[in-house]
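Colleague: Right, I'll just put the structure down here and ask away after.
The values are calculated or read from the model by the stated rules, or taken from the named source; none is laboratory data. Nothing here was measured: the structure is a model prediction, and the numbers come from that model. Reconstructed Cβ throughout: ideal geometry from the backbone, glycine too, with neighbour counts over all protein chains shown.
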Amino acid sequence: MGFITLSLTGRALRLLSQREHSRAELQRKLGPHVQEGEDLNAVLDGLQSKGFISEERVVESVLNRRASRLGAARIRQELQAKGLGAEAVQQAVTRLQDTELERAREVWRRKFGEPASDPQTRAKHMRFLLARGFSGDVVRRAVQGAGDADDA
């Protein structure tokens, strides 16, 4: 008698109290806990109608947590993996593209601090930024202008 089983709503609220979750994420995480007679979609519909599930807040949360470290391509992947709508993902990516070069330079500066002294090191710097989801053009410009503070 020591175990208390949480209702689907209780589990969903516990997850949402930790961070914003998209409907698709909650569906995936709660699916294994559905008992006979429970309707997961009805629970999620109820939470969504009360404003507990919000696509906009999920997007804002990801942007606030990740934009300072990742490029638009990686953030696009993360938002898509959360099951967010294509329009919301595209709007978020469009917002990020305005600051892409500036953010890539800042990530580069925090990691390396000084311009590459040889082509191998420069390639390493570029691979690092590419792996973070910055576009090839932005990476090239960020690493190229890394020694120039006024290159913007």
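Colleague: Check whether at least one residue in the range 46-53 is among the hydroxyl-bearing types (S, T, Y) and closer than 30 Å to Q97 by Cβ, and report yes or no.
Modeller: no
Colleague: Then there's this: Going through the range 72-124 one residue at a time, which ones are basic (K, R) and either touching a residue at least 12 places away in the same chain (Cβ under 8 Å) or within 30 Å of R57 (Cβ to Cβ) (or both)?
Modeller: Across the range 72-124, the qualifying residues are R74, R76, K82, R95, R103, R105, R109, R110, K111, R122.
Colleague: Follow-up question, since we're still on this one. Quick check on this structure: which one of G145, G51, G136 is within 21 Å of A24 (Cβ to Cβ) and not aliphatic (A, V, I, L, M)?
Modeller: Residue meeting the stated conditions: G51.
Colleague: Then there is this: Of the residues that make up the range 29-48, is at least one of a type in the set (D, E, K, R), within 30 Å of S135 (Cβ to Cβ) and in contact (Cβ under 8 Å) with a residue 24 or more places away in the chain?
Modeller: no
Colleague: Which condition number does L79 fail, the rest of (1) assigned by TED's automatic domain parsing to the domain that holds D137; (2) under 14 Å from the mean Cα position of the chain (by Cα) being met?
Modeller: (1)
Colleague: Taking the stated definitions as given, is F134 outside the structural domain of V58 (by TED's automatic domain parsing), surrounded by 13 or more Cβ atoms within 10 Å (Cβ to Cβ) and more than 19 Å from L63 (Cα to Cα)?
Modeller: Spelling it out, it is not the case that F134 is outside the structural domain of V58 (by TED's automatic domain parsing), surrounded by 13 or more Cβ atoms within 10 Å (Cβ to Cβ) and more than 19 Å from L63 (Cα to Cα).
Colleague: Additional query: Quick one: R110 ticks every box in (1) at negative phi; (2) surrounded by 14 or more Cβ atoms within 10 Å (Cβ to Cβ) except a single one, so which number is it?
Modeller: (2)
Colleague: Here is a further query. Might you check whether a residue that is in contact with a Lys or Arg (Cβ under 8 Å, 6 or more places away or on another chain) and either assigned to a loop (DSSP other than H, G, I, E, B) or within 27 Å of A142 (Cβ to Cβ) (or both) occurs anywhere in the range 35-50?
Modeller: no
Colleague: Here's something else I'd like to know. Only one of R140, R127 is farther than 13 Å from R74 by Cα, touching a residue at least 12 places away in the same chain (Cβ under 8 Å) and surrounded by fewer than 19 Cβ atoms within 10 Å (Cβ to Cβ). Can you tell me which?
Modeller: One residue alone meets the criteria, R140.
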